[in-house]
1. Against the conditions (1) within 19 Å of residue 47 (Cβ to Cβ); (2) modelled with pLDDT of 95 or more, where does residue 128 fall short? Just the number, please.
2. Looking at the stretch 303-325, I want the residues that are at positive phi and have a partner that is within 13 Å of the ligand (Cβ to nearest atom) and not in a helix (DSSP H, G or I) with Cβ atoms under 6 Å, at least 6 apart or on another chain. Which pairs are those?
3. I'd like to know if the stretch 302-315 contains one or more residues that are over 21 Å from residue 244 (Cβ atoms) and within 11 Å of the ligand (Cβ to nearest atom).
4. Testing residue 149 on (1) within 16 Å of the ligand (Cβ to nearest atom); (2) assigned to a loop (DSSP other than H, G, I, E, B), one condition comes back false. Which one is that?
5. Look at the stretch 360-387 and say how many of its residues are touching a helix residue (DSSP H, G or I) at 6+ places or on another chain (Cβ under 6 Å) and in a helix (DSSP H, G or I).
6. Counting just the residues of the stretch 273-288 that are out of contact with any helix residue (DSSP H, G or I) (no Cβ under 8 Å at 6 or more places or on another chain) and more than 11 Å from residue 324 (Cα to Cα), which one comes out nearest to the ligand (Cβ to nearest atom)?
7. So, of the residues in the stretch 174-202 that are within 16 Å of the ligand (Cβ to nearest atom) and assigned to a loop (DSSP other than H, G, I, E, B), which turns out to be nearest to residue 20 (Cα to Cα)?
Ligand code: SDX
């Protein structure tokens with residue numbers, strides 16, 4: 001057993017690394033990126049500023065931000081052969097599977113693995129992925145909707161271009177909508193990093209074998225896809241829809257969630273670290289009211305969501321287990337109000353988490369962390385003599 005005496009399933013009590021990127025205090029609901037409070041960043045910064053902060057450690061000056069954005073724009077074109085890969089997918093393919101494949105394909109188009117000790121090499125890889133990833137995200141949505149694959153434009157901002165590529169209709173100029181731009185900017189900031197969550201730990205451990213940045217990100221996308229992790233935002237909307245179809249009877253679903261015989265969980269509730277409230281959920285809940293109000297959208301599932309959250313507050317099962325709404329509980333309601341299809345919700349989570357994954361991968365490599373290779377406690381058969389097949 002290699003001297004291992006205890007194991008820690010799900011690493012509930014194991015620290016995997018030292019990191020200077022994100023700080024969480026689960027008891028007090030504190031989240032800071034490089035020391036800055038998430039509440040300040042969500043209110044006062046924009047997504048590209050936060051990406052720069054997470055990756056390079058400091059808020060950029062205006063000149064640094066302008067240069068960062070213009071370098072990113074230089075890489076906002078994707079090799080035409082990528083379109084052939086997208087065409088090869090059936091329309092029924094889930095956008096997260098398409099995105100994971102396209103992201104690792106980028107490595108194939110650029111076999112030179114990133115020399116992390118070269119600032120320039122690392123910077124070029126970072127602006128390349130920040131330039132191409134939103135195009136891949138938009139194209140997975142266009143593919144799903146049978147719309148032509150398109151590009152952003154030179155004169156638009158980073159988030160504006162994401163919306164343009166996702167929503168512009170053929171032969172019709174795309175009209176920017178400030179409400180959508182601000183809503184998406186805030187959502188991406190709130191998803192940008194979250195210390196050693198499942199997908200970030202995946203990016204780190206894949207990168208620890210010195211696999212390329214894009215291959216590591218592709219692995220992170222697959223981990224995020226799971227309904228216990230980023231896939232929860234899609235599962236929340238599907239659950240809320242089911243409750244609505246079922247007459248809005250939240251008590252029945254609360255009872256299902258508590259029934260140990262029933263595998264059903266209340267999606268969007270609970271968190272490994274936050275044992276009071278998820279500060280992001282608080283901000284997103286207010287944003288949901290604001291955005292739906294500004295867009296003039298009435299969505300009955302928002303009331304169902306609020307009803308569930310309210311009931312959980314006074315339900316012993318939930319209170320005892322400290323199960324409160326997490327980042328995934330309200331985000332899908334905003335995405336839907338913005339016109340984003342439900343199977344794209346987790347892709348939007350990946351788009352937000354991209355700078356955090358990059359920052360964490362870069363920190364892991366710069367700190368020359370060893371390859372991740374845990375041990376185990378063996379509980380299988382003792383040594384056995386081989387039997388030929390006619391003796392079995
Ligand atoms: C994200 O780690 C991160 O930071 C993730 C994330 C990020 O930004 O990267 O914040 C994003 O993934 C948010 C979480 C999204 N997932 C969901 O909403 C899925 C539903 N929630 C869970 O399955 C669960 O709460 C987890 C996965 C979030 C946390 O699981 P843990 O920490 O392993 O807790 P657990 O499964 O051991 O549950 C403890 C108890 C159990 O009951 P008992 O065995 O003690 O009786 O709480 C119960 C669980 O059955 N429980 C739930 C529940 N979540 C936990 N019961 C009903 N509904 C739920 N949602």
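1. Among (1) within 19 Å of residue 47 (Cβ to Cβ); (2) modelled with pLDDT of 95 or more, the lone unmet condition for residue 128 is (2).
2. Qualifying pairs under 6 Å: 322/275.
3. There is no residue in the stretch 302-315 that is over 21 Å from residue 244 (Cβ atoms) and within 11 Å of the ligand (Cβ to nearest atom).
4. It fails just one condition, (1).
5. 3
6. The extreme case among them is 273.
7. The selected residue is 195.
Results for (1) surrounded by 19 or more Cβ atoms within 10 Å (Cβ to Cβ); (2) at pLDDT 95 or above; (3) at positive phi, shown as yes or no for each residue.
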{"residue": "335", "(1), (2), (3)": "yes, yes, no"}
{"residue": "342", "(1), (2), (3)": "no, yes, no"}
{"residue": "358", "(1), (2), (3)": "yes, yes, no"}
{"residue": "361", "(1), (2), (3)": "yes, yes, no"}
{"residue": "367", "(1), (2), (3)": "no, yes, no"}
{"residue": "373", "(1), (2), (3)": "no, yes, no"}
{"residue": "378", "(1), (2), (3)": "no, no, no"}
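The values are calculated or read from the model by the stated rules, or taken from the named source; none is laboratory data. It should be emphasised that the depicted structure is a prediction, and the values quoted were computed from it without experimental measurement. All Cβ positions, even for glycine, are placed from backbone atoms using ideal geometry, and neighbour counts span all protein chains on display.
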